[in-house]
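Just below is one structure, and these are the notes that go with it.
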Amino acid sequence: MEQTNLLSIVISSVIPLVIGLIYYNKYLFGKAWMNSLGITEEDLEKSSKLLILDLSIIMSFQLSIFLLNFNISEGQEDEFDNFAHGAWHEFFVSFVVGMQFYLLADYLNLKRLKT
């Protein structure tokens, strides 16, 4: 990785937290969110806020690093510019990014993965 702008990574990691803070605020959409999930403010008090915040920060940081490094210019890989290689990258990106959002949504909705 060449010269990485750490400030851009930090800012892009904080943006989802700020948007979530505004969106899930009880004065905007927080009450509708709680009603749709069938949870109360007491349920929110019981949840592990530190775990949710830590996971949110870590996953936002990972997504920022991933998206920064995954930006590839056209023709950069020469012999690998084909459909199969592009399909592999699409699967990989969908899996990595999708799992981040899935896990974060589970914790924000106060649900746990079922085994």
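For the stretch 16-48, which positions are closer than 17 Å to Met59 by Cβ and either over 22 Å from the mean Cα position of the chain (by Cα) or assigned to a helix (DSSP H, G or I) (or both)?
Of everything in the stretch 16-48, those that are closer than 17 Å to Met59 by Cβ and either over 22 Å from the mean Cα position of the chain (by Cα) or assigned to a helix (DSSP H, G or I) (or both) turn out to be Pro16, Leu17, Val18, Ile19, Gly20, Leu21, Tyr23.
Within the stretch 1-55, count every residue that is within 29 Å of Leu68 (Cβ to Cβ) and among the small types (Gly, Ala, Ser).
Matching residues across the stretch 1-55 total 4.
Considering every residue within the stretch 77-91, establish whether at least one is closer than 28 Å to Leu6 by Cα, surrounded by 12 or more Cβ atoms within 10 Å (Cβ to Cβ) and modelled with pLDDT of 75 or more.
yes
The values are calculated or read from the model by the stated rules, or taken from the named source; none is laboratory data. Quick caveat: nothing in here was measured; it's all calculated off a predicted structure. Reconstructed Cβ throughout: ideal geometry from the backbone, glycine too, with neighbour counts over all protein chains shown.
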